[in-house]
1. Kindly check whether there is at least one residue in segment 198-208 that is surrounded by 24 or more Cβ atoms within 10 Å (Cβ to Cβ) and at pLDDT 90 or above.
2. Scan segment 181-189 and give yes if some residue there is under 21 Å from Val29 (Cα atoms) and either in a helix (DSSP H, G or I) or modelled with pLDDT of 80 or more (or both), otherwise no.
3. Going by the structure shown, is Ser263 within 14 Å of the chain's Cα centre (by Cα), modelled with pLDDT under 90 and surrounded by fewer than 16 Cβ atoms within 10 Å (Cβ to Cβ)?
4. Cβ-Cβ below 9 Å, separation at least six or inter-chain, first residue in segment 172-194 and within 15 Å of Phe76 (Cα to Cα), second assigned to a loop (DSSP other than H, G, I, E, B): which pairs?
5. When you check Gly247 against the structure, is it modelled with pLDDT of 65 or more, surrounded by fewer than 17 Cβ atoms within 10 Å (Cβ to Cβ), under 22 Å from Phe98 (Cβ atoms) and small (Gly, Ala, Ser), yes or no?
6. With respect to the numbered conditions (1) under 20 Å from Gly196 (Cβ atoms); (2) surrounded by 20 or more Cβ atoms within 10 Å (Cβ to Cβ); (3) at pLDDT 80 or above, which one is the sole condition not fulfilled by Met84?
7. Mind listing just one residue for me: the one in segment 60-75 that is farther than 18 Å from Gly241 by Cα and not β-branched (Val, Ile, Thr) and, of those, modelled with the highest pLDDT?
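The values are calculated or read from the model by the stated rules, or taken from the named source; none is laboratory data. Here the structure is a predicted model, which means the values were calculated and not measured. We place every Cβ from the backbone using ideal geometry, glycine too, and count neighbours over all the protein chains shown.
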Amino acid sequence: MNWRSIWAIAQKDLKEVRQNKAAWGPAIVVPLIFAILMPAIMIIVPQVIPVEDVERELGDIDVMLQNMPPALSAIFNGKSLEQMFIIYMTAFMLAPLFLIMPLMFSTVVGSDSFVGERERKTMEALLYAPTSDLELFLGKVLAAVIPAILLSWMSYLVYIVVVNIASYPLFGNIWFPLAPWWPMMFWLTPALAVLGISATVLISSRVKTFMEAYQMSASLVVLVLGLVIGQVTGVLFLGVGTVMLIGLFVWLVDAFLIYLSVSRFNRSALIAKL
């Protein structure tokens, strides 16, 4: 396997995606909303609204705290009403939403991988390049996974800074991130990025336009929305153990999709479609 060829393909893809404004628009807007706007609102609001309103909101939170595992509910012990509200909203309710980003970033680049080549009339030259099918496929995957993970980690870092700065007057110390966020960032996020690109490269090699590929692969976000609903309803809480198990499941799915994608990837068939 020629890793120099794989990296050359990945670099070419990254250069072309940077020039695609339709691809990078969502990748810029969504992190700004999730990492800056939403936590700022969740932290500032309980500090300016009447205490009675915070108590009313905490009525539902108290029910959920009773259903939480002891290790998670202990985080709220000894905290004021405002602190409990901020911890619950920023550390638990918004957590699943951040898992949308690795999926979104990888599908943006992945959707452009083959369909973009066809739209730019560069597919034929790429398919006739002196590389194996596996090297070509891995180059496409690498071009999406690396920026997806790095951009997700950058968004997490901004979120951590915003949460701690905005809540410091109320807490008096740096309290975030909580324990479940570490496996979410370094175990589950890479797994979701690989999931997005594995499915998307397979899809983009079979459709005609970038938007068609992006719309089909964006359906993967439904998986993350399931985690959001589970957390909101109290059915599922993203503790350390839960995140590790979900991540393991996603990695197993990744392995199957990569095997399926590689086994079905056929440049001869793609050439015939040109």
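1. No - not one qualifying residue is present in segment 198-208.
2. Yes, segment 181-189 contains at least one residue that is under 21 Å from Val29 (Cα atoms) and either in a helix (DSSP H, G or I) or modelled with pLDDT of 80 or more (or both).
3. Against the criterion (within 14 Å of the chain's Cα centre (by Cα), modelled with pLDDT under 90 and surrounded by fewer than 16 Cβ atoms within 10 Å (Cβ to Cβ)), Ser263 does not qualify.
4. So the pair list comes out as Ala179/Gly239; Pro180/Phe237; Pro180/Leu238; Pro180/Gly239.
5. no
6. (1)
7. Of everything passing the filter in segment 60-75, Gln66 is modelled with the highest pLDDT.
Conditions (1) closer than 22 Å to Val253 by Cβ; (2) assigned to a helix (DSSP H, G or I); (3) among the β-branched types (Val, Ile, Thr), marked per residue:
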position: Phe137; (1), (2), (3): yes, yes, no
position: Ala143; (1), (2), (3): yes, yes, no
position: Ile146; (1), (2), (3): yes, yes, yes
position: Tyr156; (1), (2), (3): no, yes, no
position: Ile174; (1), (2), (3): no, no, yes
position: Leu178; (1), (2), (3): no, no, no
position: Ala191; (1), (2), (3): yes, yes, no
